[in-house]
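Just so it is clear, none of the values below were taken in a lab; they were calculated from the coordinates. Note that the coordinates shown come from a computational prediction; the quantities given were computed from them, not determined experimentally. Ideal geometry is used to build each Cβ from the backbone, glycine not excepted, and the neighbour counts take in all protein chains shown.
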Amino acid sequence: MTMSIDARTKPSPGGLGQALIRLMMRPARIASSQPIGDRFRLVTLEGAALKGVSWTPGQKIQIAMGSAFVTRTYTPMDWDAGQGRARILGYAHGEGPGGDWLRSLAPGAQCDLFGPRASLNAAPLAGPLVVFGDETSIGLACALAAQDPARSISCVFEVADLGEAEAVVERLGLSKAALFRKAADEAHLDTIGAALSSLAGVGASFVLTGRAAAIQKLRHGLKRRAVEPRRILTKAYWAQGKTGLD
Ligand SMILES: Cc1cc2nc3c(=O)[nH]c(=O)nc-3n(C[C@H](O)[C@H](O)[C@H](O)COP(=O)(O)OP(=O)(O)OC[C@H]3O[C@@H](n4cnc5c(N)ncnc54)[C@H](O)[C@@H]3O)c2cc1C
């Protein structure tokens, strides 16, 4: 049997993916994965490659879902560069590689991650901080709250399940979090928009994250209230019908 040069030398997609993982990603081990409710997992990653890393709150990591070409993005809540440990709060919303990965985690499992890399930097924002988001933003809120305990941070989250999310924010000590159940007609966003507008009046800055459509609507409302663009930071964490945003 003859084989062309190309067929012999071309790496298989799996082989190429593994080579990229070794070259570009940090290997880590799952130290623990604690379920909070059905869908949240508080995950501690650890490993020598996580030591000595420079991380600032708001940055992201991308975790390989078995291949360097399929990653899902998460926000470290904290990062102990001395011990080589970082924690994320993962929300397994439903079907998808990220949710499957979160539900499968057990101590000792291995994974590979890219980052930390820039995503949101709230440090330059003036005044009290208002963090809007959803289940995917609670980890970010924890990181920002820990960054400057003297700073006033109010969190507003739209969530699918109030009871489950309440247990999470209580467990993580986000005492100033206001939770709203997502309504199919988006009516909850009118209530949230009104609350944000009143906070704009007292000089707050805004970090809008989570669902793209909700961010768009709330940002529009703040602009109508003449809140300066430099007081608003936005980052969509997911959008209906799109997969694996980073
Ligand atoms: C910078 C950044 C930081 C992030 N940080 C976190 C974090 O700390 N914790 C966390 O849990 N997530 C975080 N996310 C969001 C997470 O990466 C996405 O939710 C991701 O799509 C989940 O992957 P999946 O494989 O489960 O779903 P995918 O395969 O990506 O998506 C499948 C379908 O589900 C929908 N979908 C995706 N996310 C949600 C959701 N939350 N609720 C309802 N439907 C959804 C999509 O629209 C798509 O139609 C972050 C995203 C970004 C960009």
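Stokes-Einstein D for segment 5-117 at 4 °C, 1.567 mPa s, Kirkwood Rh over Cα pairs, in µm²/s?
Numbers: Rh = 14.7 Å.
Result for D is 88 µm²/s.
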- Message: Output wanted: per-residue J couplings in Hz (rounded whole) for segment 110-126, from phi through Karplus 6.51 cos²θ - 1.76 cosθ + 1.60, θ = phi - 60°, x for Gly and Pro.
- Response: 9, 8, 10, 9, 10, x, x, 9, 4, 9, 10, 10, 8, 4, x, 6, 8
- Cβ under 14 Å from ARG29's Cβ, ARG29 left aside: what net charge do those residues give with Lys, Arg +1 and Asp, Glu -1? +2
- Can you give me the Cα centroid spacing of segment 162-209 and segment 86-123 in angstrom? 23
- Task: Pop out the ³J(HN,Hα) list for segment 152-159 in order, Karplus 6.51 cos²θ - 1.76 cosθ + 1.60 with θ = phi - 60°, rounded to Hz; leave Gly and Pro as x.
- Result: 7, 10, 10, 10, 10, 10, 8, 9
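Just from its helices, what would the mean residue ellipticity at 222 nm be for the chain, if runs of 4 or more DSSP H residues each count -39500 (n - 2.57) and the sum is divided by every residue, rounded to the nearest 500 deg cm²/dmol?
Numbers: 7 runs with 72 residues, N = 246.
Per the formula, -8500 deg cm²/dmol.
Which pairs break 20 Å Cα to Cα here: LYS182/LYS217; LYS217/LYS242; LYS60/LYS182? Present the calculation step by step, with values, prior to reporting the outcome.
Details: LYS182/LYS217 14 Å; LYS217/LYS242 18 Å; LYS60/LYS182 25 Å.
Exceeds cut-off: LYS60/LYS182.
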- Message: Along the Cα→Cβ direction, 7 angstrom out, place labels at ARG181 and ARG225. What is the inter-label distance in nm?
- Response: 2.5
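Across every pair of different alpha-carbon atoms, what Kirkwood hydrodynamic radius in Å does the chain reach? List each step's numbers first, then the result.
Working: mean 1/r = 0.0522 Å⁻¹.
For the chain, the Kirkwood estimate is 19.2 Å.
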- Query: Sequence-distant or interchain residues sharing an amide H contact under 5 Å with ASP246, placed H: which?
  - Reply: none
- Note on the structure: Stokes-Einstein D for segment 123-165 (10 °C, 1.306 mPa s, Kirkwood Rh from Cα pairs), in µm²/s, comes to 143
- Mind checking which aspartates and glutamates have their Cα closer than 14 Å to the Cα of LYS51? Skip sequence neighbours fewer than 8 apart in that chain. ASP78, ASP80
- Query: Taking segment 10-81, which chymotrypsin sites (Phe, Trp or Tyr not before Pro) meet the DSSP loop condition and have no more than 16 other C-beta atoms within 10 Å?
  - Reply: PHE69
- segment 129-238: C-alpha pair distances exceeding 23 Å, %: 21
- Degrees between helix 13-24 axis and first principal axis of the chain (Cα, 0 to 90, nearest 10): 60
- Just the number, please: percent antiparallel of the DSSP beta bridges in the chain, rounded to the nearest 5. 60
- Query: All other residues with a Cβ under 14 Å from the Cβ of ALA167 taken together, and with Lys, Arg as +1 and Asp, Glu as -1, what is their net charge?
  - Reply: -3
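Looking at segment 64-166, which GluC sites (Glu not before Pro) are in a loop (DSSP not H, G, I, E or B) and have at most 10 other Cβ atoms within 10 Å?
Details: sites: GLU95, GLU135, GLU158, GLU164, GLU166; in loops: GLU95.
Taking segment 64-166 and a limit of 10 other Cβ atoms within 10 Å, the loop GluC sites (Glu not before Pro) found are GLU95.
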